[in-house]
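Inspection log for the structure reproduced underneath, given as C-alpha cells.
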Amino acid sequence: MPKHYRPAGKKKEGNVAKYVTRSQAVKLLQVSLVTFRRLCILKGVFPREPKKKVKGNHHTYYHLKDILFVKHDPLLEKFREMRTYEKKLKKAQAKRNKDLYERLRTRKPTYTLDRLILERYPKFVDALRDLDDCLSMVHLFAALPALERENIEVKRIHNCRKLSHEWQAYIARTHKLRKVFISVKGIYYQAEVDGQKITWLTPHALQQVLPDDVDYSVMLTFLEFYETLLAFTNFKLYHSINVKYPPILDPQLEALAEELYALSRYLDANTRSSRASGSDQVEGQENEKQHDESDLRLAQLQHQLPHNEPGALMHLVEDAAGEDEDDEDTKDCKNLFKDMKFFLGREVPRESLLFVIPAFGGIVSWEGDGAPYREADQSITHQIVDRPTQGHIFLSREYVQPQWIYDCVNARVILPTEGYLVGRVPPPHLSPFVNNEAEGYVPEYAETIKRLQAAARNEVLPMPGTGKEDLEDPQRLLVEGIIDRAEAKEATEKKRKMETLKEQYHDELKMEIEGATYSSMINRNTESNAASGEAREESVPDLEQTAEDGANMAKIVMSRKKRRLLEAIEIGKKRKQANVDLLKERKKKNEADVLPPKNGLSGARRPRSQDEEARRRASLP
C-alpha cells in the first residue's frame, strides 16, 4: 500500500486538519458572513497564512481551533436570538399587528462585552499593550459627524468624546504624557502608563469628510469593542488614584463643551478629598504603629549603613522617603511649565493645548465662558496666538506661536521664544519619534536643542562623533564601522599634525638648551620635519587598505547565508547613506537660494536673473 494513501473515514492530517477556509467556517457556524465577521472581530480571531494553501491561493484561511473557539461562545447564541427577533419584528410590521410590534420593540435582546474583555485581557498590562488602536479609533469617531445612512449615531459620538476626555484628563493629571508631534494626518501623542508606552493619533479639529469607499460597519464593530475596553481601562486608572468613576461633571461647563476642563477640576477635587478622608481614617492607626515602624525602619537602615561613610544615614532616610514618589521622567514633565500661566487665542488648537499644557505643570485659560481667568490678567506669562496682528498687546507677557509649546515638550527644556514670535517663520518641527543618530542625519535645529539641553543640565558636550580614544585609534573605529573613511582620514591627519608639533616642540627645547641661533634652529627644524614626515608616512599604515583587507578576509570564511545577509545589510546602509546625502544636498541648495539674514530678520530669496525670469514667464500658460 502506498504511504500517501489514506483510507476513507480516517483522520485528516497536516494543513488540511489545521486550517479551514472562510466559507467552510461560515458553514460550520451556520451564520451569515456579516455575523461571522462581527464575531471574529469581537473574539480577536484573524485570518492565517498556512505554508501550503490546500484549497488554493484565492481563499482566506482560519485556524480550525479558532473557529471551534468561536463556536462555543455564548455570544453566537445571542446573535442567533437577535436574528430571530428581527425576523419576528419584520413579520409583525408586515402584517400590521401594532400590538405585537410594540410589545416586541420593548423586548429587544441585548448583550454586553464585559466577559470578552476579561477573556482577551487577563491582566491589566495586556489591555495597556493593546490600547494604541483603541485610542486612535475612539478619538477618530469623537471628531466625526453623526451620519444616519452609515449608522453613526449621535449617542455613540458623544460616548467616544466622553471616553477620550476621561483618558486625557487622567494622563494630564498624572503627568504621563511624553511626546507630541503635529503631522498632516493629525496630532500624535505618546504616554507612559505602568511602564507601557502608548501612542495614539487624534485628528485635527476640522470638518471631517466621510469617504464612500470605507466599510463603516466593520469600523463600528471595532469601535463597539474598543468603547468597552477603554471604559474598563479608565475605570481601573481612576481607581488607582482614588477617584470615583464615572466622573460627575459640572453641568454648566458640560453645556459649554468644556468637558476636559470640567474633568480636570473633578480630578483635582476628588484627589484632595480622598487624601483628606484617607488621612483621617488611618490617622489613629498610624499613631499607634508609628513608633514601632520607625524603630524597625531605623534598625534596617542602620544595618545597611556603611561604617566608614559620614552622613550615609541621612542619604538612606531620604531614599526611603522618596521610594513612593514619581520617577525622574514624571518629575521633569511635572515641572516643565511650572509657575507659568498661559492664555490661548481663538485661532489655536485649544483642545490639544488644554491637554498638553496641564500635563507638563502649566496653568491655562482661554477666551470664552467658563474660563478660569481672563485675558487682562497681569499674571499671564505667555499668550499662545497664531495671528500676525493683535488688537491689544500686554508688555508683561510673551506672544508665541503654538509650535513653541510642542517643541518645549519634546525637548524637555524651555526653548528661547525669539524664533517663535508672531509673524516669523518658526524653526522646523522635528519628530520626537525619529532617532537622528540611527538615521545618520542630524538636523541643524536638533543640534541647537542638544546644546540647550546640555546647558540646562550644566553639561559639556563632547565633539560630535569622536572623542579622545577616537583620535588615538581611528583605524579601530573604521574597522568597527563607527566612522566612515573620510572621518578616519581626517582623524589620521590630525594625529600626524599633533605628532609633528610635539616633536618640533621637543627639538626646539633641546636646541635652546644647547644655545643654538634662531636661523640655524629654523633650518634644522625644516630638515627634521621633512625627514620625520617621510618616515611617519612610511610607518603609518593605509587605513582604507587595512579595512578592506579585513572585510575581504571576513567574507571569505563566511557561509553563503551569512554572506548574503551581510550584503543585504550593506545595501541597507548604502540606501540610508543615499537618503542622508539627498537631505544634505537639499539643505545646501536651500542655503544657496536664501540670502544671509539682515538685522536678525529672516532671510530673503535670491533674486532671479533675466534668463531665469524669461524662462519662468515662458512656462506660464
Leaving out ligands and nucleic acids, note down the accessible area per residue over the stretch 114-274 with a 1.4 angstrom probe, in whole Å². 50
Pairwise FRET efficiency - residue 88 versus residue 23, Cβ, R0 = 41 Å, nearest 0.05: 0.90
My understanding is that a pair violates if its Cα-Cα distance is over 32 Å; which of 162/450; 71/123; 497/588; 43/185 do that in this structure? 162/450
Using 1/(1 + (r/R0)^6) with R0 = 25 angstrom and r between the beta carbons of residue 377 and residue 418, what's the FRET efficiency to the nearest 0.05? 0.55
Sort 395, 249 from largest to smallest accessible area, using a 1.4 Å probe on the heavy atoms of the protein chains. 395, 249
Indicate, rounded to the nearest 5 percent, the antiparallel portion of the DSSP beta bridges found entirely in the stretch 337-457. 10
Difference of contour (0.36 nm per residue) and Cα-Cα distance, residue 328 to residue 72: 87.3 nm
Note down the nm distance, to one decimal, between modelled labels 7 Å out along Cα→Cβ at residue 588 and at residue 213. 4.1
What ranking do 412-422, 138-148, 553-563 get when scored by the average of other Cβ atoms within 10 Å per residue, highest first? 138-148, 412-422, 553-563
A 18 angstrom limit on the alpha carbon distance is what I want to check against. Which of 176/331; 90/155; 78/98 exceed it? 90/155; 78/98
Compute, for residue 217, the solvent-accessible surface of its heavy atoms (probe 1.4 Å) with the complete set of protein chains present, and express it in square angstrom to the nearest 10. 70
Length gained if residue 557 through residue 367 is fully extended, taking 0.36 nm per residue and subtracting the Cα-Cα distance, is 61.2 nm
Relative contact order (%) - criterion: Cα under 8 Å, at least six apart; region: the stretch 18-147: 23
Label point 7 Å out from residue 125 along Cα-to-Cβ: which residues of the stretch 186-219 have amide N under 14 Å? 193-197
Where does the charge balance sit around residue 394 when Lys and Arg score +1, Asp and Glu -1, over other residues with C-beta under 10 Å from its C-beta? -2
Which distance in nm do the two modelled labels at residue 105 and residue 454 give, with both placed 7 Å along the Cα-to-Cβ direction? 7.4
Summarise the accessible area of the stretch 70-130 (1.4 Å probe, protein heavy atoms) by the percent that is carbon and sulfur. 49
Put a dot 7 Å past each Cα toward the Cβ at residue 46 and residue 574; how far apart are the dots in nm? 3.5
Show me the ranking of peptides 330-341, 19-30 by mean Cβ neighbours inside 10 Å, starting with the highest. 19-30, 330-341
Mind computing the radius of gyration and Dmax over the alpha-carbon atoms of the stretch 337-457? Å is fine for both. 15.3, 50
The stretch 15-107, accessible area per residue, ligands and nucleic acids excluded (1.4 Å, Å²): 72
Quick one: accessible surface of residue 173, probe radius 1.4 Å, all protein chains present, in square angstrom to the nearest 10. 70
Solvent accessible area, Å² - residue 439, 1.4 Å probe, full protein context: 90
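The values are calculated or read from the model by the stated rules, or taken from the named source; none is laboratory data. These numbers come from a predicted model, not from an experiment. Note that each Cβ is placed from the backbone with ideal geometry, even for glycine, and that neighbours are counted across all protein chains shown. Remember, those area values only see protein heavy atoms, side chains included, never the ligands or the DNA or RNA. Shrake-Rupley method; radii C 1.70, N 1.55, O 1.52, S 1.80 Å.
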